[in-house]
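I have placed the structure first, in the form of structure tokens, so that the comments after it can refer back to it.
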Amino acid sequence: MNDRKKGGEARAKSLTPDERKAIAQVAASARWAKKEVATNLPKATHQGKMIVGEVELDCYVLEDGRRLIHKRGMAKALNLKSAGGNAFLRSMTRKGIGSELGQKLVQIIENPVIFKPLTMDSAHGYDAEVLVEVCKAIRRAHEGGKLTGSQEFLAVQAAVLLNAFAKVGVAALIDEATGFQEVRGPDALRLLVQQYIEAEKREWEKQFPDEYYDRLNELYGSKRMTRTSTGIVIQNRPQHFALFTRKYVYHPLENGAVLDELDQINPKIDRKGNRRARFHQHLSYDYGLQKLKRQMQEVMTLMAVSDSVGQFKRLFQKRFPQVGDQGDLGLD
């Protein structure tokens, strides 16, 4: 028996019954306090894994709407050798990067959110935007020549992450990964839609490739090229192609919510249905356009394997069962 254990036993024997009872009550109170804290933790209502490049990050949506990334995920996202959450804290407070974080962000990193996931008692995490702000700080440190040789890999990974999701898109990526996008309320949806929209209309730039219209012509059995009234030969793009694009490319973006917003900010200006700009000119470059291109590629793939319009519609409904009845969406 070691001296420490002997001392403990000797002290216990020297205590009166009332003193031992008081110590036991204090210990019990401490245990109950811990249970009460765990009970009062903010709870996750949704959780999942967000894939960024080759990295899987555990992410959560709390009952108050906050989107979190697990503390371990912050280390994984930055390709730190140790995937532990403390590795992230240590790396961020070292000379070079720490000078670019700012006191407010340092305090946030030092005090992660303690919450209750769906599958364990408690966990530590950070608001999703913290990862983006950290990446921006790493970029500033790199540009200012503040990173050491052993920290240069952080600049590379930060650039990868910033390209993968700008601050405007992190919450939406978590909503997709956790399934929260299926149940979020009107306010959350409104905020998400704004991520698709650019405040200022961009200059026109071709977004739908010629191949898209070639496949539409094949699907409908129409000629690939046509001649204008002045004799110029151009790619055939009849008016009903615009309806198709509206119905199968634009409408699935947040189940019509993005299309509704585009209709409001870019309304028809005449009886022919013309608008002042193309819808894609109002989409944000880092998020909205990327979502549009992804949906367009899905549609092109379905067109390529369909022998008829009817088959395409059946395959589309099977691929996107969550998209509600679109009815007559009108011509774009």
The range 230-331: chymotrypsin sites (Phe, Trp or Tyr not before Pro) in DSSP loop, at most 16 other beta carbons within 10 Å: TYR285
Amide H contacts under 5 Å for ILE197, placed H, 5+ residues apart: SER284
Hz values of 3J(HN,Hα) by residue in the range 42-48 - Karplus curve (6.51, -1.76, 1.60), Gly and Pro given as x: x, 9, 7, 9, 9, 8, x
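What does the convex hull of the Cα atoms come to per residue for the range 197-332, in Å³? The partial results should precede the final answer.
On the way: hull volume 16.6 nm³, N = 136.
With only Cα atoms used, the range 197-332 gives 122 Å³ per residue.
From the cross-link list LYS49/LYS104; LYS136/LYS313; LYS136/LYS247; LYS268/LYS313; LYS49/LYS81, which pairs have alpha carbons spaced over 32 Å apart?
On the way: LYS49/LYS104 28 Å; LYS136/LYS313 44 Å; LYS136/LYS247 38 Å; LYS268/LYS313 27 Å; LYS49/LYS81 20 Å.
Among LYS49/LYS104; LYS136/LYS313; LYS136/LYS247; LYS268/LYS313; LYS49/LYS81, the Cα-Cα distance tops 32 Å for LYS136/LYS313; LYS136/LYS247.
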Residue-count net charge about THR301 - beta-carbon cut-off 10 Å; Lys, Arg +1, Asp, Glu -1: +1
Using θ = phi - 60° and Karplus 6.51 cos²θ - 1.76 cosθ + 1.60, couplings along the range 124-134 (whole Hz; Gly, Pro as x): 10, x, 10, 3, 4, 5, 4, 4, 5, 5, 5
Separation of the VAL183 and ASN111 label points, Cα + 7 Å toward Cβ, nm: 3.0
Cα centroid of the range 132-154 to Cα centroid of the range 274-312, whole Å: 37
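Each value in this text was obtained by applying a stated rule to the coordinates, not by laboratory testing. Source: prediction; values computed, not measured. In this analysis, Cβ positions are derived from the backbone assuming ideal geometry, glycine residues included, and neighbour counts consider all displayed protein chains.
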